[in-house]
Amino acid sequence: MEPISILQRYFGYDSFRPNQEQVIRNVLQKKDSLVLMPTGGGKSLCYQVPALIFEGLTIVISPLIALMKDQVDALRVNGIAAAYLNSSQSRNEQEAVFRQVHRNELKLLYLAPERLMASDMQLIGFLKRLKLSLVAVDEAHCISQWGHDFRPEYRLLGQLRQEIPEVPFMALTATADKLTRADIISRLELKDPPSYISSFNRENICYKVEPKRNSFQRLLDFLEGNKKESGIIYCLSRNSTESLAAKLQAKGYAAEAYHAGLEKHIREERQEKFLRDDISIVVATIAFGMGIDKSNVRFVVHMDLPKNIEGYYQETGRAGRDGLPGEALLFYSYADVNKLQQFTTVENNEEQSRILLKKLDQMVLYGNLRSCRRKFLLNYFDEEAPDNCGNCDICLGKYQYIDGTILAQKALSAVARLNESFGAGYVIDFLKGNTSGRIREWHKSLKTFGVGSDLSRETWSGYLEELIAQEYLKKSEGPYPVLQLGPKSRAVLKGDETVMLSVRKEPEKAAGQKRKT
Ligand code: ADP
Ligand code: ZN
């Protein structure tokens, strides 16, 4: 039967979405493929339709045990023979599934990857003897340490691949940058797989970054406009999810914390309440969200800096699934960058440390960006985008330009005085006149020490990034980058060049709160 007839008959849809049909045609030729589609883009049909056309059994690898049952139930409702195997089932239930498989009664079998490891890899041996038509690996980025959600059990899939080399594999994911994609291909040993990449643009999401100062107050201002709306607030630590949830409750918000340290039944209950709109806000670590399909999430806030763009984009992507406007707000601080830098060092693994640091660097760039955020995000995933999206804080004109010549002179002369041998953090401490032990004694006696004490660290961090972007400064390569004078710095120090820097227009509400920093 033709794919389109299967689509209409079993799934009740009229036509394919972009890329679905191409993917299906490719796999029908028994070829490997890599499918990148945003969440909600329709990845499932890419393997479900071929599963019905092929004679044998299609295996679907999925890490989301909680969702397996729903997926299988939905297929059965459509008259499709499907079952699942995971650790939540009793022995009897599992054996019943094995019997169905033996009798060739199934078209689709959903498997949790850790199930492959159980009982000494017996399952791999079992699968090997079956007539398999396709292995679909959902959330395939979990196989890569470079992705944002590495799961060691996914590594077993490499082994599965080697055991059944003739069966086509389809890797599917909603978040993988170039590096992660290459890693997926090599780990699964995909053979010349065509990559099907759908547009990742989420037009209806407005991206905003604010300096992390008075962030709780700023959050309240933000929520004021979203009083009863549904939203997710991400924090880095479990403790901060709980304390923030409590503070929000005290302000009358129906908010609950969610993190992996909570008991399972509590997590399930809170997730359920959120899905049913019994509570409007979940304050969570990144443990929350994967596989959660709630269409009316209106905002996603990051109280702390995420570790990389992949994670950030995945998390913000949970807003506005229904196509109505959604907001993504990030509080950016230089202190967070410092904190996260420590996590990028992986012992005995220089390459990985380097990659993690590089990914964090992109996040820092994003935080300090003065051009369209959407363009940056889409470019990060290799997608073209216009210069102005009209729906991010930059394009909406939240910044204005000032004559920053004197500020630039302060920064450049500090870099010069420090012999171009120190990183941004140190230069900022020097500019601010930080008298702690971190600063060398003789630096404290230099004339430029403390000339920038009137500005916050975040502001300086932003200015330094802008000065780098405009080539007044540059960052050295290597694991401990230092700031150096750039090709255009001479003219500025001599007073021959005017430098423009941007400042954030203070939000209306916070106008009276100008703090001394
Ligand atoms: P993903 O796994 O990419 O997040 P799903 O496969 O769960 O997305 O699909 C998201 C939704 O889109 C589902 O409700 C699905 O039924 C629907 N959908 C997928 N393909 C089509 C199509 N060709 N026409 C209409 N609806 C579709
Ligand atoms: Zn924009």
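Just so it is clear, none of the values below were taken in a lab; they were calculated from the coordinates. Model, not experiment: these values are computed from the prediction. Cβ sites come from the backbone with ideal geometry, for glycine too, and all protein chains shown count toward neighbours.
How would region 248-403 be classified by its alpha-carbon gyration tensor: rounded, prolate or oblate, with rounded meaning a/c under 1.5 and the a/b versus b/c comparison settling the rest?
Because a/c hits 1.5 or more and a/b fails to exceed b/c, region 248-403 counts as oblate.
How many percent of all Cα-Cα pairs in region 206-302 sit more than 17 Å apart?
Beyond 17 Å sits 46 percent of the P(r) for region 206-302.
Work through the residues other than Ser144 whose Cβ is under 15 Å from its Cβ and net out their charges, Lys, Arg +1 and Asp, Glu -1.
So the environment of Ser144 carries a net charge of 0.
Once Lys and Arg get +1 and Asp and Glu get -1 on their Cβ, which of Leu455, Tyr472, Ala260 lies farthest toward the positive end of the dipole of the chain?
Leu455
Which whole-number percent of Cα pairs in region 252-330 have a distance greater than 21 Å?
Every Cα pair in region 252-330 considered, those over 21 Å come to 24 percent.
Which lysines have a Cα less than 22 Å from the Cα of Lys410, not counting those fewer than 8 places away in the same chain?
By straight Cα distance, Lys410 reaches Lys432, Lys444, Lys447, Lys474, Lys475, Lys488, Lys494, Lys516.
May I have the pair-distance distribution P(r) for region 336-397, computed from all Cα-Cα distances with 10 Å bins from 0 and rounded to whole percent?
21, 39, 27, 12, 1
Sort all Cα-Cα distances of region 1-44 into consecutive 5 angstrom bins from zero, then give the percent of pairs in each bin up to the one containing the longest distance.
5, 21, 29, 25, 17, 3
Please compute the net charge surrounding Leu446, taking Lys and Arg as +1 and Asp and Glu as -1 over other residues with Cβ under 11 Å from its Cβ.
Net of charged neighbours comes to +3.
With n ≥ 4 as the cut-off for DSSP H runs, can you work out [θ] at 222 nm for the chain, using -39500 (n - 2.57) per run divided by the number of residues, rounded to the nearest 500?
-11000 deg cm²/dmol
Which whole-Hz couplings ³J(HN,Hα) result when phi for each residue of region 318-327 is put into the Karplus expression 6.51 cos²θ - 1.76 cosθ + 1.60, θ = phi - 60°, listed in order with x for Gly and Pro?
Once θ is set to phi - 60°, the couplings for region 318-327 become 7, 8, x, 4, 7, x, 7, x, x, 10 Hz.
Quote the charge dipole size of region 281-430 about the Cα centre in Debye, to the nearest 20; the model charges only the Cβ of Lys and Arg (+1) and of Asp and Glu (-1).
It works out to roughly 320 debye.
For region 150-284, just run the numbers: alpha carbon Rg, then divide by 2.2 N^0.38 Å, N being how many residues it has.
Here the answer is 1.45, to two decimals.
Classify region 181-256 as rounded, prolate or oblate, taking a ≥ b ≥ c as the square roots of the eigenvalues of its Cα gyration tensor: rounded when a/c is under 1.5, otherwise prolate if a/b is larger than b/c and oblate if not.
Prolate, because a/c is 1.5 or more and a/b exceeds b/c.
Please state the relative contact order of the chain as a whole percent: Cα pairs under 8 Å, 6+ residues apart?
That works out to 12 percent.
Going toward the positive end of the dipole of the chain, with +1 on Lys and Arg Cβ and -1 on Asp and Glu Cβ, which of Val283, Thr175, Leu377 do you reach last?
My answer, from the dipole projection, is Val283.
³J(HN,Hα) across region 361-366 via Karplus (A = 6.51, B = -1.76, C = 1.60, θ = phi - 60°), whole Hz, x for Gly/Pro?
4, 5, 5, 5, 4, 4
Using the alpha carbons of the chain, what is the convex hull volume per residue in cubic angstrom, as a whole number?
169
Taking the Cα centre of region 176-280 as origin, work out the dipole magnitude from +1 charges on Lys and Arg Cβ and -1 charges on Asp and Glu Cβ, in debye rounded to 20.
300
Using the Karplus curve 6.51 cos²θ - 1.76 cosθ + 1.60 with θ = phi - 60°, what ³J(HN,Hα) values do you get for each residue of region 443-452, in whole Hz, with x for Gly and Pro?
5, 5, 8, 6, 5, 7, 4, x, 5, x
Tell me the angle of helix 238-250 to the major Cα principal axis of the chain, expressed in degrees between 0 and 90 and rounded to the nearest ten.
80
Could you check how many percent of all C-alpha pairs in region 334-482 are farther apart than 26 Å?
Distances greater than 26 Å cover 34 percent of the Cα pairs.
If we restrict to alpha carbons, what Rg and Dmax does region 151-223 come to, in Å?
19.8, 58
Could you give the angle, 0 to 90 degrees to the nearest 10, between helix 178-187's Cα long axis and the longest principal axis of the Cα atoms of the chain?
30
What dipole magnitude, in Debye to the nearest 20, does region 97-160 give about its Cα centre under +1 on Lys/Arg Cβ and -1 on Asp/Glu Cβ?
That gives a dipole near 420 debye.
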